[in-house]
Amino acid sequence: MHQDSGLQGADAGAADAIDAGTAEAFLSHDQTLRHAPGPYFGAYGGRWMPESLIAALDELQDTFEKAKADPEFTAQVAELNKNYAGRPSLLTEAQRFAEHCGGVRVFLKREDLNHTGSHKINNVLGQALIAKRMGKTRVIAETGAGQHGVASATAAALLGLECVVYMGAEDTRRQALNVARMQLLGATVIPVTNGSQTLKDAINDALRDWVANVETTHYLLGTAAGAHPFPSMVRYFHEVIGDEAREQILEQTGKLPDAVCACVGGGSNAIGMFHGFLDDRDVALYGFEAGGEGVETGRHAATITLGRPGVLHGARSYLMQDEDGQTMESHSISAGLDYPGVGPEHAYLADIGRAKYEPITDAEAMEAFKILSRTEGIIPAIETAHALAGAMKVGQRLAADLAPGEQASDKIIVVNLSGRGDKDVATAAGYFDLLPDDSAEQEIAQEGEQL
């Protein structure tokens, strides 16, 4: 969806200017940034959607607010997180990887150890329970890397919901193993052949489905973007990441980290991780975007770095757009970061200077992918590898800027290890030329097609 698509805005006047008062109050330590309710985050957010979906969004917001206030619901979410998803996830010190980060201490928040292999399970369990509360019998989802699709199919199987997943045709090729997983879990996977055949186009088709089937269907959006209340709701279910990490790092080291790092596409894992530290002014927050083949080439997904404010998929935020205001195609070796927009809360955090966002190229991410695999025995998702590459840069900067008497080992970085790399083995093997031919990738793709 583009700015000229005839969308309806709710309280659009509130988005005319950045909330300078909130920014000034935060910087003077008088304002909390945690639990921002929406619909706007400064100049960003809102509800720019077809009129046919406004009632559904109102119902979703009402159900969500009532659920948060219901001890039975929060207890149910906590029970599923603990006994189904496997929370709390570990916080692991990566001592050998730290040698590549200037010698600072590096801790990994192990979302890769969650059931289904990523942070995505946190959000889908909560939203699937919301869907049941609304009496919906069907959920739809978009997916890029396939992790959100797998998590959605998992939650649907657990709770007895029909599940349809929209996935760009290019991404079904890149992530054929996850296509097979979704189908094994009972989901219908629909390849999207429009546009660039990636995540943006999958969201477009999912929104069309929702418009056509709104009475029976909940759109289980996977990132902290989209129309209100999705950014706030997705963040709410992912806040557990940062809350756990903050408690764990204090327990293990006795102090807060100097920096927290996460990869950013739409921004769900990052906003969940950042949230635990938002009001800790001395903790630097870094989001690492997909720099693709280099931001100077135009083939990237560095939305905050080079984007401009506009409206995409129901919310005002930064997005990659051309001189005519039309959304540009993005590029990343990582399917999950191959998106030309970003969640509105990230746009706001960037504007007020609370978080910094930097691009990481495909080559830098793949080098970090290899280094973590060979120093810690942990194969990360390629999305996550962008955060690892960023942590290497941040660590080296911290080590180069020590106060008199300080050592690099006095500095601490926490990295959100948002997902494991099983799904990316074929891509990595091809990238590093580890196979004599592409037979392994073809075999995986054929398995997905047969299912």
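The values are calculated or read from the model by the stated rules, or taken from the named source; none is laboratory data. Quick caveat, the model's predicted, so the values are computed rather than measured. Cβ sites come from the backbone with ideal geometry, for glycine too, and all protein chains shown count toward neighbours.
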- [ ] For residues that are small (G, A, S) and surrounded by 17 or more Cβ atoms within 10 Å (Cβ to Cβ), scanning just segment 170-218, find the one that is nearest to M328 (Cα to Cα).
- [x] S196
- [ ] Give A387, A403 a once-over and let me know the one that is part of a helix (DSSP H, G or I) and either at pLDDT 95 or above or not assigned by TED's automatic domain parsing to the domain that holds P309 (or both).
- [x] A387
Task: Residue under evaluation L319, criteria (1) within 19 Å of the chain's Cα centre (by Cα); (2) farther than 22 Å from P231 by Cβ, criterion not met - done: (2)
- [ ] Starting from residues that are within 22 Å of H119 (Cβ to Cβ) and of a type in the set (K, R), keep the ones in segment 401-435 and report whichever is farthest from the chain's Cα centre (by Cα).
- [x] K423
TODO: Kindly check whether there is at least one residue in segment 276-288 that is touching a strand residue (DSSP E or B) at 6+ places or on another chain (Cβ under 8 Å), surrounded by 24 or more Cβ atoms within 10 Å (Cβ to Cβ) and hydroxyl-bearing (S, T, Y).
DONE: no
Open item on the list: Among the residues in segment 280-298, are any under 17 Å from T198 (Cβ atoms) and touching a Cys at 6+ places or on another chain (Cβ under 9 Å)?
Closed with: yes
Task: Those residues of segment 82-96 which are among the hydrophobic types (A, V, I, L, M, F, W, C), outside any loop (DSSP other than H, G, I, E, B) and touching a strand residue (DSSP E or B) at 6+ places or on another chain (Cβ under 6 Å), in sequence order - done: L91
- [ ] Can you tell me which residue among G395, G405 is small (G, A, S) and without any contact (Cβ under 8 Å) to a residue 12 or more places away in the chain?
- [x] G405
TODO: Check off (1) surrounded by 18 or more Cβ atoms within 10 Å (Cβ to Cβ); (2) in a loop (DSSP other than H, G, I, E, B); (3) at pLDDT 95 or above for A56 and give me the number that stays unchecked.
DONE: (2)
